[in-house]
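Note sheet for the following structure.
Each reported figure results from applying straightforward, stated rules to the coordinates on display, with no laboratory input. Quick caveat: nothing in here was measured; it's all calculated off a predicted structure.
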Amino acid sequence: MRENWRIKVSVVAGVSALAFSALMAAPAVADEAASSLQEVQMPADVKIVEGLAPVAGADAPSLEPEADAPFSAAAAAAAAKAAPAANTCLGSTAAYGSKGCFQHNGDIVWAGDTQKDGMSAAVGVYTDYGRAAEVCINKLGVNTWATCNKDYRETGNVRLRVFRYDGDTGKFYQPENWSGWIPVDGKY
């Protein structure tokens with residue numbers, strides 16, 4: 001009897017510790033309010049580019065949070081084999097107040113501002129072939145997209161990093177999120 005009690009207490013303590021550590025270690029999700037933004041140190045050689053409003057009639061990505069679709073292995077395999085449409089936004093990544101993605105046709109970086117907090121959305125772009133990192137800033141306001149048109153090596157990959165930017169101070173802030181590597185030519 002005493003042995004069963006110890007086992008039960010050990011299990012409850014372990015589950016409680018695991019739940020607490022998961023709660024404390026989880027990063028802020030796309031639209032969770034950030035309790036306190038933390039400054040991100042950026043290398044001095046990072047180029048900051050102010051994004052432009054999308055061309056009139058451009059097929060802009062959605063600023064709405066993506067719904068969790070049921071996962072199907074067959075659907076995932078078919079999607080991986082299919083070539084993306086020319087205007088498809090790949091590597092969609094979001095963090096508090098910011099959303100970003102990469103359009104392989106034209107090498108366009110999209111930066112979406114989803115939070116009215118006086119800051120701008122920022123999307124950093126990193127390559128796997130040594131090109132200097134750049135950050136596309138959306139200063140157009142909440143619920144808008146800005147684009148930065150780039151020219152990346154077609155045989156390379158890019159990775160996106162979304163976070164917030166305070167134009168008054170020139171500082172970047174977390175929470176942030178990274179995409180996986182995205183092929184510049186759009187062919188996974």
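Take the cross-link list 47/116; 150/171; 99/187; 116/150; 116/171 and give me the ones stretching past 19 Å between alpha-carbons.
In this structure, 47/116; 150/171; 99/187; 116/150 exceed 19 Å between Cα atoms.
Taking just the C-alpha trace of the stretch 90-180, give me its Rg and Dmax in Å.
That works out to 12.3, 38 Å for Rg and Dmax.
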